[in-house]
Amino acid sequence: MVTLLAWEMGLFLGGLAAIVFYQMLTGRINLQGLLWEKNGAADYSWGRVQLLFFTVIFAIIYIGKVMQMQDFNQLPEIRPEVLALLGGSNLAYLGQKMYNLLRELPKV
Amino acid sequence: MGAEAQQVGQQVAQQVCNLPCVYGYIIAVFLGLLALAILYRISKGEIDLSGLISEPTTPDGKPGDASLSRFQFLIFTFVIAFSLLIVIAKKGEFPSTIPDAIWALLGISGGSYVVSKGVQTNRDTSLAKLAILGQQQQQQQQQPGQQPGQQQGQQQS
């Protein structure tokens, strides 16, 4: 039964990922403005670009680590340096977002 | 002969699948069919994913732009789900422990999403309030020489 459930889970997750990816490619899932500043000017935001870059790189490396595992007792560990990098990347993104908000609102 | 056959049948049933096992298979098949139905409806567009990673519609009715924090949350969710799936498929059971770093990762992603949503909502609300204030000031300027009380009385009548 575990095999059956694993197959079901795999097919569901795989199907969902394929559908989401396909809909992103065809534009059905809106990706417009993903890397833009949210100020209406459609400027590219370097904070967003770096966050996207680190997110995708981490995802690829982690899945690769899982595929290469020998011992399947638990998921692979994530090094604290990698967590710090992702945390810093998110902080940079949020910091830029807040800075733009303060700059956009007129000073009272 | 009949009793022996019945006994053998019961032994075979116990070895192959007893009643709880049958219930388990029924639930597993049901979950599988449910998953299939969900995937089918998503592919047909009946379950709409167009706003999966979009910000909410703006106050003036424009569709929201894509949100990077939601996109990141989606990516990390899929990564962890697939990792768990691979471990379960190889090992045949749920892993004994989930590393703390995985929880930290989800916390970073979820926290970033919540803060980002808060900042965006704050921005939209502040801009909407400023727009309303601007309109009120404009109306006051268009009716010069009137006291605020007189203007309010006119508005009430």
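Just so it is clear, none of the values below were taken in a lab; they were calculated from the coordinates. Just so it is clear, the structure is predicted and the values come from calculations on it, not from any experiment. When we count neighbours, we look across all protein chains shown, and the Cβ atoms used for this are built from the backbone with ideal geometry, even at glycine.
Computed quantities for the displayed model
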item	result
Local electrostatic count, residue B:66, Cβ distance below 14 Å [Lys/Arg +1, Asp/Glu -1]	+3
Residues with amide H under 5 Å from that of residue B:52, placed H, sequence gap 5 or more	A:30
Cβ-derived FRET efficiency at R0 35 Å, residue A:46 paired with residue B:130, nearest 0.05	0.80
Lysine pair number, Cα distance threshold 23 Å (strictly under), the protein assembly as shown, separation 8 or more or different chains	16
Computed over segment A:44-108, the ratio Rg/Rh where both radii use C-alpha atoms and Rh is Kirkwood	1.20
Likely footprinting exposure, B:102, B:26, fewest C-beta neighbours within 10 Å first	B:26, B:102
Theoretical FRET efficiency, 1/(1+(r/R0)^6), r = Cβ-Cβ of residue A:11 and residue A:70, R0 30 Å, to 0.05	0.70
Reciprocal mean inverse distance between Cα atoms of the protein assembly as shown - Kirkwood radius, Å	23.0 Å
Degrees, to the nearest 10: A:2-26 long Cα axis against longest axis of chain A	30 degrees
Residue order, fewest to most surrounding Cβ atoms within 10 angstrom, among A:69, A:24	A:69, A:24
Förster radius 41 Å - calculated FRET efficiency between residue A:53 and residue B:17, Cβ distance, rounded to 0.05	0.20
Per-residue mean of C-beta atoms belonging to partner chains within 10 Å, peptide B:45-58	3
For a label point 7 Å along the Cα-to-beta-carbon line of residue B:100, residues of segment A:79-98 with backbone N under 17 Å	A:79-85, A:87
Chain lengthening between residue A:18 and residue A:99 when straightened (0.36 nm per residue, less Cα-Cα)	25.5 nm
Shielding of B:109-117 by partner chains, average beta-carbon count, 10 Å	3
